[in-house]
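Read-outs: derived from the displayed coordinates by stated rules, not from any lab. Predicted, not measured: the structure shown is a model, and the values here were computed from it. With ideal geometry, Cβ positions are generated from the backbone for all residues, glycine too; neighbour counts draw on all protein chains shown.
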Amino acid sequence: MRETVLPLPEPEPPGARPRLSKRGRLRTYFLTGIIVAGPLAITIYLTWWFISLIDSWVKPLVPPSYLPDHYLPFSIPGLGLVIAFLAVTLLGFLTANLVGRSVVEFGEVLLARTPVISGLYKGLRQIFETLFSANGTSFRTVGLVEFPVKGTWSVVFVSAPAGPDVQNALGEAGEHVGVFLPCAPNPTTGFFFYLPRTDIIEVPISVDDAAKLVMSAGVIQPEDPQARLQAMAATLRATHGEPPPPVKRQA
């Protein structure tokens, strides 16, 4: 009898990526779907919750005869949000005029003479003017400071410069700036303190990226969205066993 010799499998070329099994490919598809559908579903849920919340506040203030829901067999979501947006915009337009400014000043005089409420209103107004001012710079710059010990660096949001009273009380040369150091993973809590501007290293990233960096405890790094999409495309190509696209060389 002749001995049957089975052909040996051809060795894979060096650098070739191992092909995934059906189970591994299914797992990759499922995780990719989670990455795509998870943020989208949460965003839709939070948007719908916010619209429903505004509608529940605004619609009871409008007479039913003026609402389309009174004449239609179904409710129109987002109508209260539109009414609130138009009302706030109209209030800002009237306040910019002389008559509206006089009415606002009259209301402020009444609030200033009311105990407890006057201090609360003034404090909230200063906060809103600082955060939503068109030419404000507070909390729009991200920096690094040495905290809690020398050699360790923490992410901070740069606030407004110190006022004359604070600057004189410090009695040191150089401008001092207020900074807010958020805590991880909840950036709404943290520490506020004044530092010399020279002790702050400004970082060219947005406040949103810095907040995600703090909330994820450094897991989510600021990156280019285009690079992230290219990485996801490369992962899908590797799953299908397709070769990567050729790199174009510039002449």
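Computed values, structure above
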{"read-out": "Rough spin-label spacing in nm, given labels placed 7 Å along Cα→Cβ, for residue 37 and residue 65", "value": "4.9"}
{"read-out": "Distant-in-sequence amide H partners of residue 177 (H built 1.01 Å from N, under 5 Å)", "value": "162, 195, 197"}
{"read-out": "Per-peptide average of other Cβ atoms within 10 Å, ordering 206-215, 22-31, 65-74 highest first", "value": "206-215, 22-31, 65-74"}
{"read-out": "Length added when fully stretched, residue 160-residue 44, from 0.36 nm per residue minus Cα-Cα", "value": "38.3 nm"}
